[in-house]
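J.: Quick one: this structure, given as structure tokens, is what I'll be asking you about.
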Amino acid sequence: MLSIIIPSYNEEGNVANTAQVVTGIMEENSIDFEIVFVNDGSKDKTWEKLSELSQKDKRIVSVNFSRNFGKEAAVFAGLKVCSGDCAVIMDCDLQHPPQTIVEMYNIWKNNDVDVVEGIKSDRGKESKLYGGFSKLFYKLIKKASGLDMSGASDFKLLDRTVVDALNEMPERLTFFRALSSWVGYKTEKVYFEVAERFDGQSKWSLKSLIKYAINSITSFTSAPLQIVTGCGMVLFVVAVILGIQTIWNYFSGNALEGFTTVIMLLLITSSIIMFSLGIIGYYLSKIYEEIKQRPRFIIRDVINKNDRKEK
């Protein structure tokens, strides 16, 4: 059986159409399936719509968070609740084309493959600022972790073995796109074109994207901490050079000429120290959040899943 996990936040205009389109495609291709909608604390009538859909079709599982926990939490909630032999994660707005799911499923079923990853052949209609930000983000991830995720997305199929491996990970601060690559396993790629949204607008603002990028990088790699070491090495070299200059000026009788240099050095050093403390403090806050061991999410309601509540 195929589980199709769909995180949903303020998607009242999309959920019914998405369920209808996905159900139709699965039935046409004779695929045994379930759809797992995860309502991520929506402020509109998304949950009411999902409740109606689940009451009409037992193959639609609706999960309702107690509040908004974010897309990462919604993805992992879907992975924990789903019952399929494999699972696909897709967006609710149909920008991830449902027909591609059939291609992913057939590759998984007919080959010795554990992960079928959807790769964007184009980024659709997005602003140049968003596109440039995305490229920079993936370049940083590649340099920091060695994982090339350019063109990658959350749109991918995972074998039950991979799903179980991800569910066993104890960390609270997750980056699904990177973790699903980090676990390894045999992977195939499928290319798709990003479709237009069926309804509504993207929930991502520039501020939320920057926050997401920072959280993703720091939760997956400690590379930013090495910036502190790099800055220290650079300052050491500068200090040696200025030390030699100071000694030379002292013995040549021009010691006062170094006053401006000393002021500049103090300003640069202070700035780098504060920047370094900021990076260290951010990682300390992440450690603080992890050691509290709070659940990634809290599920308030589950429909068509034996009314089970998961954490």
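The values are calculated or read from the model by the stated rules, or taken from the named source; none is laboratory data. From a predicted model like this one, the values you see are computed outputs, not experimental measurements. Every residue, glycine among them, receives a Cβ derived from its backbone with ideal geometry; neighbour counts consider all protein chains shown. SASA here: full protein model, heavy atoms, side chains in, ligands and nucleic acids out. Shrake-Rupley method; radii C 1.70, N 1.55, O 1.52, S 1.80 Å.
J.: Select from the stretch 60-90 the residues that are of a type in the set (Lys, Arg) and either at pLDDT 90 or above or under 19 Å from Phe176 (Cα atoms) (or both) and write down the one among them that is surrounded by the fewest Cβ atoms within 10 Å (Cβ to Cβ).
T.: Among those that are of a type in the set (Lys, Arg) and either at pLDDT 90 or above or under 19 Å from Phe176 (Cα atoms) (or both), it is Lys80.
J.: Name, by its number, the condition in (1) in a helix (DSSP H, G or I); (2) at pLDDT 65 or above; (3) exposed (fewer than 15 other Cβ atoms within 10 Å of the Cβ) that does not hold for Glu103.
T.: Glu103 satisfies every listed condition except (3).
J.: Can you name the residue in the stretch 182-207 that is out of contact with any Asp or Glu (no Cβ under 8 Å at 6 or more places or on another chain) and at pLDDT 60 or above and is also nearest to Lys43 (Cα to Cα) among such residues?
T.: Applying the filter and picking the extreme gives Lys207.
J.: If you don't mind, there's one more thing I want to ask. Within the stretch 12-32, work out how many residues are within 23 Å of Ala73 (Cα to Cα), open to solvent by 10 Å² or more (accessible area, probe 1.4 Å) and not in a helix (DSSP H, G or I).
T.: Of the residues in that region, 2 qualify.
J.: Give me a count of the residues in the stretch 3-30 that are in contact with a Phe, Trp or Tyr (Cβ under 6 Å, 6 or more places away or on another chain) and over 17 Å from Gln95 (Cβ atoms).
T.: Selection size over the stretch 3-30: 1.
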